[in-house]
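Here the structure comes first, spelled out in structure tokens, and everything after it is commentary.
The values are calculated or read from the model by the stated rules, or taken from the named source; none is laboratory data. The structure displayed is predicted, hence computed values, not measured ones. Please note: Cβ atoms are built from the backbone with ideal geometry, for glycine as well, and neighbour counts cover all protein chains shown.
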Amino acid sequence: MGLSTVATFPNTMLAHIAKGLLENNGIRANVMHEHFHSTYSFALGEVPLMVNADSLEEAQQILNEKFSQEDSSTA
């Protein structure tokens, strides 16, 4: 049971919004590279959001149904 990337985001703010959504639905999630991304974003690229591999499908379904990066970026 390892970690799998459920989604990637252009910044840590969106990654944390998605993390909160997953955790409110009972899925533990981790934002990777969050401390380095603000300084080295040009080198790291997108911010991955990780979940346990056994929760991956459920997490993907929740994000697909309830989270839209387009909606979040206009808020």
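Look at the stretch 55-75 and say how many of its residues are among the β-branched types (Val, Ile, Thr) and at pLDDT 90 or above.
Filtering the stretch 55-75 for residues among the β-branched types (Val, Ile, Thr) gives 62, 74.
Still in the list and also at pLDDT 90 or above: 62.
Summing the residues that are among the β-branched types (Val, Ile, Thr) and at pLDDT 90 or above in the stretch 55-75 gives 1.
Does Ser4 qualify as being modelled with pLDDT of 85 or more, outside any helix (DSSP H, G or I) and surrounded by 14 or more Cβ atoms within 10 Å (Cβ to Cβ)? Quick ask: steps written out before the conclusion?
Working: modelled with pLDDT of 85 or more: yes; outside any helix (DSSP H, G or I): yes; surrounded by 14 or more Cβ atoms within 10 Å (Cβ to Cβ): yes.
Yes.
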*In the stretch 7-25, the residues that are outside any helix (DSSP H, G or I) and either farther than 15 Å from Gln60 by Cβ or modelled with pLDDT under 95 (or both)*: Thr8, Phe9, Pro10, Asn11
*Considering only the stretch 26-54, how many residues are at pLDDT 95 or above, surrounded by 12 or more Cβ atoms within 10 Å (Cβ to Cβ) and in a loop (DSSP other than H, G, I, E, B)?*
2
